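Reviewing the structure listed below.
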Amino acid sequence: MNLNLLFALLFLHSVILATPVVETVAGTGRKELNLHRGPVEKVNIADPFGVEFGPNGRLHVTEVGNHRILSVHLKSGEVECVVGTGTKGYTGDGGPGIKADLNEPYEVRFDQEGNMYFVEMQNHIIRRVEKKSGRIQTLAGTGEQGYSGDNGPAKKATFNRPHSIALDEANRHLYIADIGNHRIRRLNLANGNVQTFAGNGKKKLPKDKTKVGPGIPIIGPRALYLTPGILWVALREGHSIWKIDLKTEIIHHIAGTGKKGFSGDGGPATKGEFNGPKGIVVDAKEKNVYVVDTENQAIRCIHLQSGLLSSLAGYGPKGRGFNGDTIAAGKAMFGRPHGICVGPDGYIYTGDTLNHRIRRIKP
């Protein structure tokens, strides 16, 4: 064989091996409530949003369409409902989480002890399920939509369609994306009080390198993620990505011009355009920020060392739909994806909402 041809074939082979692939790990593509437990190929998952690995190594999914939180055991291929009856409502405080009625759980997180925290967007509350007892309780919100209660008990405060939450590394504070109020609220888990951390209710972008607080605008905080000392924020109506230094409380512009669009791959992330980002995560080495660019049907990547932007999966607003599995990531279609996490296997998981599937991207 010609030596040049051999090198060319070897290079092509390496490129093929390096190409990210998208595959389904749970969900049938159907949304009807059918089973509370069963194999991944049989349990329907309606409108999955948040995805997060728990301390037990299982992938937890907030199932918005059926008002449940599911646990996916990837090794055994089993799905199990761990919170929620499947009936829309607001009941169950003080009893087992599995017997509680929920109303559109959006995102789930875990503390160091394994307790589960999650947002119910349509109930305007944040709840917790204790690991040891399995009992559920409301931590913040009255169930009524509004804005009240700062500097007082979170249980008496009102929220407006909270979407995302993030726990700091010491489990001292829970940050809440109170998107309908255009604020980020902070719940002190020791004393149960809540306060506004950022935002004044005005629909304006914050200014780069300014100190956040209740007097500074922050339009549409949709998704939150915490790394040590840093709160990462995706602004839905602001079509941009920011980070807040929790020591100085200074906010820094990371990506997105604030203008709705789909552009910028290969260039500076701050010059790129997003359309309604609704999920954010940072990898374990804090080298990359992955963003669910929902209305662009894409997963974008901000490379922190270079400051450049790229698309990891999906190919823009015309790529809405489902074109199968084991598809090259750049050609895969999504249906308004929402939540995102990085698994212990290094894969990137997302709730492919309108396709009623959990997908993962192999790096």
* Right, Leu309: hydrophobic (A, V, I, L, M, F, W, C), out of contact with any helix residue (DSSP H, G or I) (no Cβ under 8 Å at 6 or more places or on another chain), crowded, with 19+ Cβ neighbours inside 10 Å and outside any loop (DSSP other than H, G, I, E, B) or not? -> no
* Could you identify the single residue in Ala313, Ala328 that is more than 27 Å from Gly54 (Cβ to Cβ) and in contact (Cβ under 8 Å) with a residue 60 or more places away in the chain? => Ala328
* To do: Would you be able to say whether some residue in region 275-295 is touching a Leu at 6+ places or on another chain (Cβ under 6 Å) and either buried (at least 19 other Cβ atoms within 10 Å of the Cβ) or hydrophobic (A, V, I, L, M, F, W, C) (or both)?
  => no
* Wholly within region 116-188, strands (runs of 3 or more DSSP E) carrying at least 1 residues that are in contact with a His (Cβ under 7 Å, 6 or more places away or on another chain) -> 116-120, 173-178, 183-188
* Asked: Within region 258-269, can you find the residues that are within 21 Å of the chain's Cα centre (by Cα) and not in a strand (DSSP E or B)?
  -> Gly258, Gly261, Phe262, Ala269
* **Total residues in region 73-105, condition under 13 Å from Leu35 (Cα atoms), outside any loop (DSSP other than H, G, I, E, B) and either open to solvent by less than 40 Å² (accessible area, probe 1.4 Å) or free of Cβ contacts under 8 Å to residues at least 12 places away in the same chain (or both)** => 2
* Are any residues in region 28-65 over 30 Å from Glu113 (Cβ atoms) and in a strand (DSSP E or B), and if so, which ones? -> Pro39
* Which ones in region 126-181 are in contact (Cβ under 8 Å) with a residue 24 or more places away in the chain, under 22 Å from Ile244 (Cβ atoms), surrounded by fewer than 19 Cβ atoms within 10 Å (Cβ to Cβ) and charged (D, E, K, R)? -> Asp150, Arg161, Asp168, Glu169
* Odd one out for Gln195 among (1) at pLDDT 95 or above; (2) out of contact with any Leu (no Cβ under 9 Å at 6 or more places or on another chain) -> (2)
* Keeping to region 340-363, report how many residues are in a helix (DSSP H, G or I), in contact with an Asp or Glu (Cβ under 6 Å, 6 or more places away or on another chain) and surrounded by fewer than 22 Cβ atoms within 10 Å (Cβ to Cβ). => 0
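The values are calculated or read from the model by the stated rules, or taken from the named source; none is laboratory data. Computed from a predicted structure; not experimentally measured. Every residue, glycine as well, gets a Cβ built from its backbone with ideal geometry; the counts of neighbours run over all protein chains shown. When the accessible area is computed, the model is the full protein with side chains, heavy atoms only, and any ligands, DNA or RNA have been set aside. Shrake-Rupley method; radii C 1.70, N 1.55, O 1.52, S 1.80 Å.
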